[in-house]
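Here's the structure we're looking at; comments come further down.
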2 protein chains.
Amino acid sequence: MIKHAITQSPVLDLIKERWSARSFSHKEVTKDAVHTILEAASWAPSANNEQPWEFQYALRGTPGFDTIWNCLMPGNQPWNKQAAGFIVTIARKTLSANGNPNANAEHDTGIATGFLVLQASSMGIYTHPMGGVDKVKLSAELNITEDEKLLCVISFGYLDVAEKLEEPFKGRELTARTRKPLVEFVKAV
Amino acid sequence: MIKHAITQSPVLDLIKERWSARSFSHKEVTKDAVHTILEAASWAPSANNEQPWEFQYALRGTPGFDTIWNCLMPGNQPWNKQAAGFIVTIARKTLSANGNPNANAEHDTGIATGFLVLQASSMGIYTHPMGGVDKVKLSAELNITEDEKLLCVISFGYLDVAEKLEEPFKGRELTARTRKPLVEFVKAV
């Protein structure tokens, strides 16, 4: 499988075999599966155990799915018609204890998102986090408050063959993943 | 083990069995193991595959270790004397393509940190991300530039028994982990 990461070190299969897929099958993802994925996310660490994350989700065939799909950037819409659902990730910007700004909110919600995508992978469910969303429009549709920040939309589903996609999505699905070599982002001090 | 998460859904053991430990053993973590953990982090998804993360690390017994330890908040210093090492996570604030601000930098570095802590767990290495750091001082010590932002310091090591810790750290290490129930952070739309 061309998408499986070729790594220098013995990285977990769970991590090597995950990618942001574009080819989703018709198979539905159950509400229970989504709840498992989101509960896994919630066991991420956060500063002072603040748990600043919130998630809104919609399964294909619901009005919520259409609402979210309509807010995707045009380049993300075609290959997401087959997604089994969407998860919207949201960070609460202030601390629950005193209402002061939480400087770690986006970072900690990111950690939870890391847990989320790996839990999904372990269940054979592929995810694709997207920043390419009309966040202003979607925030209004989902009643995101001033105290919250919409970070990304994650589409998910079981995998289908890449050949069912149209170009340019098929080509992207069939291209190997690449990362910078360690020396470019790691330094021993 | 009281720290193992009691979950409602069948969450991955890797996630259930991870916690931000405070009790580290004398056993050293090798440079190769750190490189594996950081390579795993780099396979996280990021907007446009920007990979905005950078990591600086130091193993116990090196001058870099003392430099980082000296920048921890006093409450984090005692139990970190036995850490096998520290990883400092850093987000690059601008996009490599055009120098514009990267709105996803902290979030995406958070996702990578999620991968990092789970890769470490799978190797029996416990991690503890800390925001309680003198970030101004440490940024100066590590030559963090204006274009970069120091997010957190992660201490790591193999586990030792909690009983070796002094209070209040022993009590914290022996307290069960808690998370909000799903209904408080998840909404179907």
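Annotations for the structure displayed:
- C-alpha center-to-center spacing [segment B:1-78, segment A:4-77] in angstrom: 23 Å
- Among the GluC sites (Glu not before Pro) within segment B:92-179, those in coil by DSSP and having at most 14 neighbouring Cβ atoms inside 10 Å are B:Glu146, B:Glu166.
- For chain A, relative contact order (Cα pairs under 8 Å, six or more residues apart, normalised by length) works out to 32 percent.
- GNM flexibility winner over chain A from A:Asn98, A:Asn49, A:Asn143 (Cα, springs under 10 Å): A:Asn98
- Whole-number Å³ per residue for the convex hull built on Cα positions in the protein assembly as shown: 133 Å³
- Computed about the Cα centre, the dipole magnitude for the protein assembly as shown is approximately 320 debye when only Lys and Arg (+1) and Asp and Glu (-1) carry charge, each at its Cβ.
- Within 10 Å of each Cβ in B:11-18, the average number of Cβ atoms from other chains: 6
- Antiparallel bridges, percent of DSSP beta bridges restricted to the protein assembly as shown (to nearest 5): 90 percent
- Considering only A:Ala58, A:Ala105, A:Ala97, the Gaussian network model of chain A with Cα springs below 10 Å gives its largest mean-square fluctuation to A:Ala97.
- Virtual spin-label span in nm between A:Met123 and B:Val161, 7 Å along Cα→Cβ: 3.9 nm
- Net charge dipole size for chain B [Lys, Arg +1 and Asp, Glu -1 on Cβ; Debye, nearest 20]: 560 debye
- Pseudo-label separations to other copies for B:Ser25 - Cα-to-Cβ vector, 7 Å, nm: 4.2
- Listed peptides A:16-22, A:150-156, B:132-138, B:64-70 by packing density, highest first (mean Cβ within 10 Å): A:150-156, A:16-22, B:64-70, B:132-138
- Between A:Ser25, A:Pro181, A:Phe86, the Cα set farthest toward the positive side of the dipole of segment A:17-184 (charges on each charged residue's Cβ, about the Cα centre) is that of A:Pro181.
- CD proxy at 222 nm, helix term only [per DSSP H run n ≥ 4: -39500 (n - 2.57); per residue of the protein assembly as shown; nearest 500]: -8000 deg cm²/dmol
- Efficiency of FRET from Cβ geometry, B:Asn48 and A:Ser25, R₀ 25 Å, rounded to 0.05: 0.45
- Taking each of A:Lys93/B:Lys164; A:Lys27/B:Lys3; A:Lys93/B:Lys137; B:Lys31/B:Lys137; A:Lys27/B:Lys93; A:Lys31/B:Lys170 in turn, the alpha-carbon distance tops 29 angstrom for A:Lys93/B:Lys164; A:Lys27/B:Lys3; A:Lys27/B:Lys93; A:Lys31/B:Lys170.
- Each other copy holds its own label point for B:Glu166; taking that point as 7 Å from Cα along Cα to Cβ, the gaps run 6.8 nm, nearest first.
- Size descriptors for segment B:13-184 (Cα atoms only): Rg and Dmax, in that order, 16.3, 52 Å.
- The label point for B:Ala97 and the one for B:Asn143, both projected 7 Å from the Cα toward the Cβ, are 3.0 nm apart.
- Dipole orientation for the protein assembly as shown: of the candidates A:Leu95, A:Ala140, B:Thr109, B:Thr109 has the Cα lying most toward the positive pole (charges on Cβ; Lys, Arg +1; Asp, Glu -1).
- Taking every residue in B:48-54 and counting other chain Cβ atoms within 10 Å of its Cβ, the average works out to 3.
- For B:Pro78, inter-copy label distances in nm, listed shortest first [label point 7 Å out on the Cα-Cβ vector]: 6.2
Computed from the coordinates by the stated procedures, all read-outs in this text should not be read as laboratory data. Everything quoted here is computed from the prediction, not taken from an experiment. Cβ: placed from backbone, ideal geometry, glycine included. Neighbour counts: every protein chain shown.
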